[in-house]
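Take a look at this one; I'll ask things after.
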Amino acid sequence: MTELPSSNAVVRVIGDRGAGKTAYMASLARWPNADAKSPVQTIIPIGESGEELVAKAQNILEQGLQLEATRLDANAIDVKDYTLRITLKGQFSWKKSHFRIGSQLVNLNVSCKDYAGEFFTDLLQISGSSQLEDYLEDCLQATGIMFLVDGNSNRKDKEYANALDKFLTALDRTDISVGTRRIALVLTKCEQSELWINRHKASFLADARFPQICSRLKSWQQMGVGSVDYFTCSAFGMLGQNYPEPNMSLISRGPDGVTAVIKDPKRWRPFGLVAPIYWICTGDRHQELDKD
Amino acid sequence: MSSSEIKIHEFSTGIRQRKTDDGWVSLGFTGKYMNMTMEVPEAIERSIANREFAVSEGSSSDNPAVIGRVVGTGEDVWSVMAVVSRGRDEKGRSVSMYRYFFCEGGENLRQILAWWENKGKLKFDPFQIRHIGEFNTFDVTGKTPIGIQKNILNLSCNTNEPKLLEPKEYDLQSTNELALKKVEQDKGISWAYNVEGLEKPWLFQVINPASEKAYQILEKAIKNTPQILAPVLIDEEAMKSAIRGLMNSSQVKRELVDVIVDALKKDTNVEYLHTLFDAQGAKTAIKQKIYSPQMVRLITLRAIVIPETILEFLIWLNVKPGKKLDENQTVSLEFQKAIVSDSLKDKLIDGIKFLLPELLNHPLQISPESTYWLLGESESAWYLCRREFIQEISDNLQSIYDNHKSHQKQKNIGLPEVLRKIANNSSRIYSNSSSIQLEEYINFAKLFSDLKEYSLSAYFYQISRGKVPKDIFQKVYLQRGSSSKTTIYGLKLKPEISWIILYFILQEVIVPFYVVIPLSIIFFTSGLFIGSKFLGQQFSKTQVPTNKEQSISQTKGSNDADNTPETIPGRDIGSLNNSTAKIKTDDKQLIENAIKEENFNKTTSSIAKIVSKIKNNRSVEDDIIINKIKQILNISDLNYARIDDESERMKLAEAIYNYQKQYFDNKANGYLTEGTEVFISLQEKVNQSLSNKKPK
């Protein structure tokens, strides 16, 4: 087997409790009912934690059940590190027109830790705690941060912007070797109709619903320490082509967000999951993945 | 508290909670325990971390599951019972909540159970606040276990597998009693009651499923028990965390290395270690060629911890001769440099031992250059054992010769397999060294040439090609000083003749002029003849990479006037950086001075004096005394029988120098003089140590 061109990324997934972080990871690892037209060729979970993700997807999500809340590990070193290899069909990159891959495949190797939501909601509030420092130390390994926000939780914009502010400040103070990072703001649960209709205008949608988060991210980007981009996704996806409806059974809906389970596991096809990872790996947006 | 009372402690999963009309909801985990009546003992904490109490996700029911287990070893043993019930968070998600009860000692599960049932089967409740010191007490006098279903003890359960009970057949006390009966050596008492699913069902003796469906799930899970389970003394999760921590960071945390080194000292077998690395994706990374920095570090770590994998590591990393280091190799070297420590030395040496037969027998898979990449790059972890490796080969070649000399062909001298063929052919090798061509050893010749161990290189050229390339020969010559001997480990070196060689020979041996001219003509013509016949085809094969050569003048000055024909390779002073002998550049001069004939003779005669003085007073063998001296000077690897070899002289001089520095600071010169303070101190120490331990 010859070695294919590949890009690597070390990612930390952060966000509120119930934002859909574990569901995102499990759906990505499971990659159910893949579309033959999708630029994604395969997704292979690597090692036992990758397999555990798939088991979660099969035993819980696919049974129409809800995932349990992810436990907050006492030490960041105990947090499961999910490793995935994503193989994409080749594409033409307009940004780097010399970098033509043609029909060749491209590999993305991602190592990804799904932090319990408590990291974002609680730990960041207690400055100077050894647990927080331990997690921040772990975050320094990351080349990319995926900040997952339930697209329906717009009432929490200010709260999230404050927590994000604390995160970025703390990270800045922990990092002595100023490396550049990519932060992807990913709006989850975009199968909800008001989000779905704008799913291809991620930046617009983010700005409209979470103006304070976006303004904080923009000023961070202006400091020159990294770049920011915006994405939409759904771990559950839609049902139907012409009259699509969300593939979910609603458990609760409020201004703080949505909780739901998969309605029809047989037709479960998530969307938008790979685009932020491709961007974190390469720094480019993938035209085809964005059309997902 | 009376003596018949036992203390029952407790703690629970830590959450932030909010009261609701029908109880409470969780607002999130704290990552710590709460409602503790004492600090959680480490043995219990590690058992929980190893998922020994964990029910599988989504499987806790309203009717709590109960897990009983005895944890810990030696004095530190605890009876622990976990009650697992389902809670909810404010978003409506289900969460498994654990409340643990525990008691010191391994015989108290029955008591904890009796107390718990007595107390109305307490389960997780964040509002039942407990504080340190507020433990429960239970009077155990006169209480016998009640309500045991006698027929449970008649159940057959002699297999090593967990006993899976029929759902709802047996109660909790009976489940515990069956586990007590079924105590196995490698699994302490352990049972699970009313469970829907368990993360590691194979870690239980008796499992009592909550339902028929649970029975089926558990039965399937037991059938899928991993082939290789963690050895009893291994803290598997700590090992996994350590491996994960090391592969994920470019900075190596020493405490993580220590976790691995400690585990390696215990009962770990290779198959088990493989499961740990495969759990992090090692097998897939090799198969799918996944070269992320994490995977490069993982496979590098595996090559250190599991020496058998070193070849796979080199092939995977694609170390090729003459190529610039690629990104992955750089990541690997950086990691090796950061992780290397003496505690890993044995493993590193083993790795080289695994590689040598491959180098000999599978030259297409592995080249001398990639072996050099391990032993010659100072950033490489394996560089640490370079000296031992060279010494071992050198000692073995010496043994082969010694054995040959003493005609003890049958004697087993514990040779490594890779040198067996030399031993088997020793009579031919030593009678006519140019007649033998053990071609496979050419890779050793190249490797030692890269390592600048030219004597060893020459030896292997001689036995693989029947002659030594002229540049190697010259280097041997320069390295060994002005000795005219061209014999190494009893093997006569036959150089490829050229005018330069002739010059060296003639410079040393005073030859009458009338001999020089005809000799030159003979050499020249025969050289032309041989050259025209063989050189074209042979030299291209035997050519040695010269790009790594450097000046070897620093070892040039030695004067080997001894009659013993053997030498071992001269050592580069700059590479003498093992833990015992670190010589500063400024002090090199002193060492060189100490090994000069006139000074070194003082050392050897001083040692002879010490030996004879001691033998006057007690009956003891010479070599026992020499061994004591070696021990005191901290040079266990010195071969005193070959003290005329430059390398051994150097070792001894350095050791004396270090000894002098340590005890007589200002007078360090690297050699011994009879009657001096140093001499007397050494003699006294030998005497003392012989008195402490009666010689055989």
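No lab work stands behind these numbers, since they all come straight from the coordinates. No experiment lies behind these values; they were computed from the predicted model shown. For neighbour counting, all protein chains shown are included, and Cβ atoms are generated from backbone atoms with ideal geometry for every residue, glycine included.
How shielded is B:89-96 by partner chains, expressed as the average number of their Cβ atoms within 10 Å of its Cβ atoms?
On the way: counts 6, 4, 13, 5, 9, 5, 4, 3.
Partner-chain Cβ atoms within 10 Å, mean over residues of B:89-96: 6.
What ranking do B:64-74, B:323-333 get when scored by the average of other Cβ atoms within 10 Å per residue, highest first? Working shown, then result.
Working: B:64-74: 21.2, B:323-333: 16.0.
Ranking, from highest mean packing down: B:64-74, B:323-333.
Between residue B:601 and residue B:51, what is the spin-label point distance in nm, taking each point 7 Å from the Cα along the Cα→C-beta axis?
Taking the simple label geometry, residue B:601 and residue B:51 are separated by 7.4 nm.
Inside 10 Å of the C-beta atoms of A:113-124, what's the mean count of C-beta atoms belonging to other chains? Spell out each step's value before the answer.
Numbers: counts 2, 0, 0, 3, 4, 7, 1, 0, 3, 6, 2, 0.
Counting other chains' Cβ atoms within 10 Å and averaging over A:113-124 gives 2.
Based only on other Cβ atoms within 10 Å, what is the fewest-to-most ordering of B:190, B:406, B:681, B:56? Kindly include the intermediate steps, with their values, before the conclusion.
Values: B:190 25, B:406 9, B:681 15, B:56 21.
Starting with the residue having the fewest Cβ neighbours, the order is B:406, B:681, B:56, B:190.
Report the calculated FRET efficiency for residue A:125 and residue B:387 (r = Cβ-Cβ distance, R0 = 60 Å), to the nearest 0.05. Walk me through the intermediate numbers first.
Numbers: r = 55 Å, r/R0 = 0.91.
So, using R0 = 60 Å, E works out to roughly 0.65.
Continuing with this model, one more query. With each run of n ≥ 4 DSSP H residues scored as -39500 (n - 2.57), what mean residue ellipticity at 222 nm is computed for chain A after dividing by its residue count and rounding to the nearest 500 deg cm²/dmol? Intermediate results must be reported in sequence, preceding the final value.
Values: 10 runs with 93 residues, N = 292.
Using -39500 (n - 2.57) per qualifying helix, the result is -9000 deg cm²/dmol.
How much FRET efficiency would the formula 1/(1 + (r/R0)^6) give for residue A:251 and residue A:159, where r is the Cβ-Cβ distance and R0 is 22 Å, rounded to 0.05? The partial results should precede the final answer.
Details: r = 22 Å, r/R0 = 1.00.
Efficiency, rounded to the nearest 0.05: 0.50.
Apply 1/(1 + (r/R0)^6) to the Cβ-Cβ distance of residue A:174 and residue B:677, taking R0 = 51 Å, and write down the FRET efficiency to the nearest 0.05. Mind showing how you got there, number by number?
Details: r = 56 Å, r/R0 = 1.10.
The value I calculate is 0.35.
Quick one: Cα convex hull volume of chain A, Å³ per residue? Intermediate results must be reported in sequence, preceding the final value.
Values: hull volume 39.7 nm³, N = 292.
So the per-residue Cα hull volume is 136 Å³.
Could you work out how much longer the chain between residue B:155 and residue B:428 gets when fully extended? Use 0.36 nm per residue separation minus the Cα distance between them, nm to one decimal. Before the final figure, lay out each step's value.
Values: separation 273, 0.36 × 273 = 98.28 nm, distance 7.19 nm.
Once the chain is fully extended between residue B:155 and residue B:428, it gains 91.1 nm.
Rounded if a/c is under 1.5, else prolate if a/b beats b/c, else oblate: with a ≥ b ≥ c from the C-alpha gyration tensor eigenvalues square-rooted, which is the stretch A:138-292? Don't skip to the end; give the middle numbers.
Values: a/c = 2.16, a/b = 1.66, b/c = 1.31.
Verdict is prolate for the stretch A:138-292.
Moving on. Taking the highest mean first, how do the peptides B:93-106, B:645-658, A:255-268 order by number of other beta carbon atoms within 10 angstrom per residue? Show your work: numbers first, answer last.
Numbers: B:93-106: 20.6, B:645-658: 23.3, A:255-268: 17.9.
Ranked from most to least packed, the peptides come out as B:645-658, B:93-106, A:255-268.
Going by how many other Cβ atoms sit within 10 Å of their own, how do A:56, B:223, B:337, B:494 line up, fewest first?
By the 10 Å Cβ count, ascending: B:223, B:337, B:494, A:56.
Note the full-extension length gain between residue B:219 and residue B:63 as 0.36 nm times their separation in residues minus their Cα-Cα distance, in nm to one decimal. It would help to have the intermediate numbers written out before the result.
Numbers: separation 156, 0.36 × 156 = 56.16 nm, distance 2.11 nm.
Length gained, residue B:219 through residue B:63: 54.0 nm.
Could you give the nm distance between label points at residue B:122 and residue B:254, where each point is 7 Å from its Cα heading toward the beta carbon?
Roughly 4.3 nm, to one decimal.
Got a sec? How would A:134, B:62 order by Cβ neighbour count within 10 Å, fewest to most?
Details: A:134 16, B:62 7.
Neighbour counts put them in this order, fewest first: B:62, A:134.
Enter the mean number of other protein chain beta carbons within 10 Å of the beta carbon of each residue in B:284-293, as an integer.
Per-residue shielding by partner chains comes out at 6.
Give me the distance in nm between label points sitting 7 Å out from Cα along the Cα-to-Cβ direction at residue A:54 and residue B:365, one decimal.
2.9 nm
Further question: Tell me, what HN-Hα J-couplings in whole Hz come from the Karplus equation 6.51 cos²θ - 1.76 cosθ + 1.60 at θ = phi - 60° for each residue of the stretch B:459-475, using x for Gly and Pro?
4, 6, 4, 4, 7, 9, 10, x, 7, 10, x, 5, 5, 5, 4, 4, 5
Could you give P(r) for the stretch A:30-169, binned at 5 Å from zero, as whole percent values over all Cα-Cα pairs?
2, 8, 13, 16, 17, 15, 14, 10, 5, 1, 0
Could you please state, rounded to a whole Å, how far the C-alpha centre of the stretch B:217-232 is from the C-alpha centre of the stretch A:110-156?
If you average the Cα positions of each part, the centres end up 34 Å apart.
Something else about it: Need one number: the % of Cα-Cα pairs in the stretch B:585-690 sitting beyond the 21 Å mark.
On the way: 1520 of 5565 pairs.
So the portion of pairs separated by more than 21 Å is 27 percent.
Which order do the peptides B:388-398, A:234-244 come out in when sorted by mean C-beta neighbours inside 10 angstrom, highest first? Write down the numbers at each step before the final one.
Working: B:388-398: 19.6, A:234-244: 17.2.
So the peptides B:388-398, A:234-244, ranked by packing, come out B:388-398, A:234-244.
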